[in-house]
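The values are calculated or read from the model by the stated rules, or taken from the named source; none is laboratory data. From a predicted model like this one, the values you see are computed outputs, not experimental measurements. All Cβ positions, glycine included, derive from the backbone under ideal geometry; neighbour counts span all protein chains shown.
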Amino acid sequence: MHPTRRFARQRAGCAAARVGRLIALIPLVIAASPLPLRAAENEAELRRVVAWQIALDRIGFSPGLIDGRLGPKTRLATREFQRVRSLPQTGRLDDATAEALGTDPAGAFGRYTIVQADLDEIGPAPESWLARSKLKRLGHASLVEVISEKFHCHSRLLETLNPGRDIASLKPGDKVIVPAVGEKNDWPQADGVEINLTSKVVRVTDEQRRLIGLFHCSVAANESNLPTRDTRVATIVHDPWYTFDPAMYPEVKEGITRKLPIPPGPRNPVGRCWIGLGLPGYGMHGSPHPELIGKTGSHGCFRLTNWDALRLSKMVRVGTPVRFVHRPETGLAP
């Protein structure tokens, strides 16, 4: 996927302000909220796992979507953190790992107050490419998507934390229980990026080749669309426009015969950030469907969640080397 660079350059400045507002809203969480769960042991285990995922997310070792479930993404991120800290690489949250991560089950959840800016993130979500091209911005389809992205979580977790509530109908001033994620602006600078095409993982390293970030991605479904040589970061654009080229989408049966400019927004095909590579048509970018990250299905680029793409954009620079490997992940605990 490749955005329209002419529009992207024009929009990059205003995008930074929008990202700043997103980050500024996150600390409004009030920690240690009680949860309306049926049994105390269920709440204790959910707090433990979510606190574990939050701690990984905060340091840029992505557990995938925060969902309170111990899936392979969380175990992989844990194992890599253990490797960096010279701990036994089990992928499990033992006492030493919990202490090193600084997990805080008591502060895993908080109450967030809906503000008007959240509702302003919602917009029309047409399926037609032609209809999308006529909009000024591609906002989220519902408040559930807004809150899920803001707090890096799966919508199922929001349903668990807020049983019986219709989050999509909330208004400014209403409160919702969310995972108490944090955000920072001082991400370490990358000296190199490695994309594992087998495990669909992006690793970021510093000048000493130490791992400083790990993000999950989606890759091309067709292996012939995967890159065949290493490259470098060529451009970084926030809130990019995207060019829909009907020649690249033979499955689309709308009768479109010309290229269409698709406006920016969280539901843009390349999400909130485009990190273009030195290979024509390739890039690392955000996605309107975070729940699909880690699966194959792109046209050749590397999809990340919108928040991980934004984080990665703060770590790399134009010229950062990017290399591709085919290597299975081994040593994960079941």
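The table that follows gives values for the structure above.
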quantity: Tally, over region 169-208, of residues that are within 21 Å of PRO328 (Cβ to Cβ), out of contact with any Ser or Thr (no Cβ under 8 Å at 6 or more places or on another chain) and part of a loop (DSSP other than H, G, I, E, B); calculated: 3
quantity: Residues satisfying the stated conditions in region 209-234, i.e. part of a loop (DSSP other than H, G, I, E, B), over 22 Å from LEU279 (Cβ atoms) and touching a residue at least 60 places away in the same chain (Cβ under 8 Å); calculated: ARG210
quantity: Residue match in region 142-153 (condition: in contact with a Phe, Trp or Tyr (Cβ under 6 Å, 6 or more places away or on another chain), buried (at least 18 other Cβ atoms within 10 Å of the Cβ) and part of a loop (DSSP other than H, G, I, E, B)); calculated: yes
quantity: Residue check for THR228: among the hydroxyl-bearing types (Ser, Thr, Tyr) and farther than 28 Å from ARG69 by Cα; calculated: yes
quantity: Only one of LEU93, LEU135, LEU87, LEU101 that is of a type in the set (A, V, I, L, M) and closer than 22 Å to PRO261 by Cβ; calculated: LEU135
quantity: Pairs, first more than 20 Å from SER169 (Cα to Cα) in region 102-120, second surrounded by 14 or more Cβ atoms within 10 Å (Cβ to Cβ) and of a type in the set (Phe, Trp, Tyr), C-beta under 7 Å, six or more apart; calculated: THR103/TRP52
quantity: Any chance LEU138 is crowded, with 18+ Cβ neighbours inside 10 Å, touching a strand residue (DSSP E or B) at 6+ places or on another chain (Cβ under 9 Å) and under 25 Å from GLY281 (Cβ atoms); calculated: yes
quantity: Condition met for VAL237 (β-branched (Val, Ile, Thr), under 19 Å from the mean Cα position of the chain (by Cα), at pLDDT below 95 and in a strand (DSSP E or B)); calculated: no
quantity: Candidate set from region 100-110 (those that are surrounded by 17 or more Cβ atoms within 10 Å (Cβ to Cβ) and of a type outside the set (A, V, I, L, M, F, W, C)); member that is nearest to PHE244 (Cα to Cα); calculated: GLY110
quantity: Qualifying position, being in contact with a helix residue (DSSP H, G or I) (Cβ under 6 Å, 6 or more places away or on another chain) and part of a loop (DSSP other than H, G, I, E, B), among GLY300, GLY281, GLY265; calculated: GLY300
quantity: Selection within region 82-109 - closer than 26 Å to LEU158 by Cα and part of a helix (DSSP H, G or I); calculated: ALA98, LEU101, PRO105, ALA106, GLY107
quantity: In region 241-278, the residues that are aliphatic (A, V, I, L, M), more than 28 Å from GLU194 (Cα to Cα) and either free of Cβ contacts under 8 Å to residues at least 60 places away in the same chain or surrounded by 22 or more Cβ atoms within 10 Å (Cβ to Cβ) (or both); calculated: ALA247, ILE262
quantity: Pairs where the first residue, in region 72-99, is without any contact (Cβ under 8 Å) to a residue 60 or more places away in the chain and crowded, with 16+ Cβ neighbours inside 10 Å and the second is of a type in the set (D, E, K, R) and part of a helix (DSSP H, G or I), C-beta under 8 Å, 6+ apart; calculated: LEU93/ARG48
quantity: Candidate set: region 121-135, residues that are without any contact (Cβ under 8 Å) to a residue 40 or more places away in the chain and touching a helix residue (DSSP H, G or I) at 6+ places or on another chain (Cβ under 7 Å); chosen: the one surrounded by the fewest Cβ atoms within 10 Å (Cβ to Cβ); calculated: PRO126
quantity: Enumeration of residues in region 283-297 that are surrounded by 21 or more Cβ atoms within 10 Å (Cβ to Cβ) and over 13 Å from the mean Cα position of the chain (by Cα); calculated: GLY283
